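Structure first, commentary second.
Bear in mind that the values in this text are calculations on the coordinates, not laboratory data. The structure presented is a predicted model; accordingly, all values stated were derived computationally and were not measured. No Cβ is skipped: glycine too gets one built from the backbone with ideal geometry, and neighbour counts run over all protein chains shown.
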Amino acid sequence: MKILSLVSGLALAAFGVTASAHAHLQGASPADGSVVTTSPSRLVLNFSEAARLTAAAIQKGDQPRQNLKPLPATAARQISVPLPRLTPGSYSVSWRVVSADGHVMSGTLRFTLAPERAAEQPAPH
């Protein structure tokens, strides 16, 4: 009987650990790998569970990283941070969050801001 209780207790403990999942990035805007044609005003990160953003930075090409501020003070499944005015080029955004279970998750997403096309003018006659 004690063995059955021990096995049951271990099974419940294992289930408790797996049920407490980490926050995983489910989507972002701008999306990873996307090409956008206008400078986005905000970075939006969507997570599988509430998380608190502890760091975020943006970098254009090999230029210096720029920390994004202000960061939200509370945990949420959808986190939004203002972006500076961006010029055409390739960008990487690094982020770090702490999930409700205390685990730190981080990642990087990349997107390109394409130059706006000039309005096509009719050819002179």
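Compute the FRET efficiency between Gln59 and Ala100 as 1/(1 + (r/R0)^6), taking r as their Cβ-Cβ distance and R0 = 25 Å, and round to the nearest 0.05. Numbers along the way, then the final one.
Values: r = 29 Å, r/R0 = 1.16.
That gives a FRET efficiency of 0.30.
Quick check for me: using +1 on Lys/Arg Cβ and -1 on Asp/Glu Cβ, what's the dipole size of the range 22-113 about its Cα centre, in debye to the nearest 20?
Working: 9 positive and 4 negative charges, 56 e Å.
Value, rounded to 20: 280 debye.
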Exercise. Applying the Karplus parametrisation 6.51 cos²θ - 1.76 cosθ + 1.60 with θ = phi - 60° to the phi angles of the range 36-45, what ³J(HN,Hα) value in whole Hz is obtained for each residue in order, glycine and proline being reported as x?
Worked result: 10, 10, 10, 5, x, 7, 9, 9, 10, 10
